[in-house]
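Structure first, then comments.
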Amino acid sequence: MRLLIVEDDRQLREALTDLLRQSGFEVDAFAAGDQAFNALLSHDYDLAIVDLGLPGMDGLALVRSLRRQLRGLPILVVTARDALEDRVAGLDAGADDYLVKPFQLQELEARVRALLRRHRADRNAQIRIGALVLTPGEPRVSLGGVAVDLPASEFALLEALAVRAGRVVRRDDLADRLGRGTEPPSDTAIEVCVHRLRRRLSPLGLKVRTLRGFGYLLELPGDE
């Protein structure tokens, strides 16, 4: 699983990064809110850890922006602001949990695991996009009311696009998902998989757009 940390205190940022990597997570860490926001829009992350006292875009603004753009992303706020109104402001902005500094690293790790468990449970709910009905992790989907068993590669591609429907999914992220820990597929293999998926979805009025140099996007019904 891939986590993002945005924390301007270098010592704490490095300590959190080391801890979470040792626990088996992939971690990207930034010191500024605008850098983190760009990374979160460009890559798939499973959780974000956000400090409120950031240079440039402050933590509350970052959390609000993330909640608008990435509604399902779990967000853990970490901050030295311990007043009740600060905690309320952080949660109202869209944070899922709030941890006041100083804290034990083990507590933060436990909260991360709890948020991820909750998020996985939420993602088991069906995704409905027009005539497509998909349950994450289950390769049988419903296309126009007909149950279809998809090949593993096509389902992995469709799931990645459906979870982020209406937003661009980077080619590199798709390659990682389709590779499933093995050698990532070639660009040609990805294009072939996209072509096959398009043929399945086109009769249902669903389109997979290619954005050259960026990735792919599953259009929401009604999008132009």
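For this structure, a couple of remarks:
- Positive-pole candidate from Tyr45, Gly72, Gly56, dipole of region 2-123, charges at beta carbon: Gly72
- Taking N as its residue count, the alpha carbon Rg of region 2-123 over 2.2 N^0.38 Å: 0.94
- Centroid-to-centroid, using Cα positions, region 101-160 and region 34-95 are 22 Å apart.
- Considering only the chain, percent of DSSP beta bridges that pair antiparallel, nearest 5: 45
- The chain shape via C-alpha gyration tensor axes, a/c threshold 1.5: prolate
- Across the alpha-carbon atoms of region 127-218, the computed radius of gyration and Dmax are 12.2, 35 angstrom.
- Size of charge dipole - region 2-123 - debye, nearest 20, with Cβ of Lys, Arg +1 and Asp, Glu -1, no other charges: 460
- Computed E for Val163/Asp187 - FRET, C-beta separation, R0 22 angstrom, nearest 0.05: 0.50
- Close amide H contacts of Leu47 (hydrogens built in the peptide plane, cut-off under 5 Å, sequence separation of 5 or more or a different chain): Leu4.
- Taking amide H positions as modeled 1.01 Å from N, with prolines and chain starts lacking one, the residues under 5 Å from Leu99 and 5 or more places away or on another chain are Val77, Val78, Thr79.
Laboratory data are not the source of any read-out in this text; all were calculated from the coordinates shown. Bear in mind that the values here come from a model prediction, so they are computed numbers and not experimental data. Note: ideal-geometry Cβ built from the backbone for every residue, glycine included; neighbour counts use all protein chains shown.
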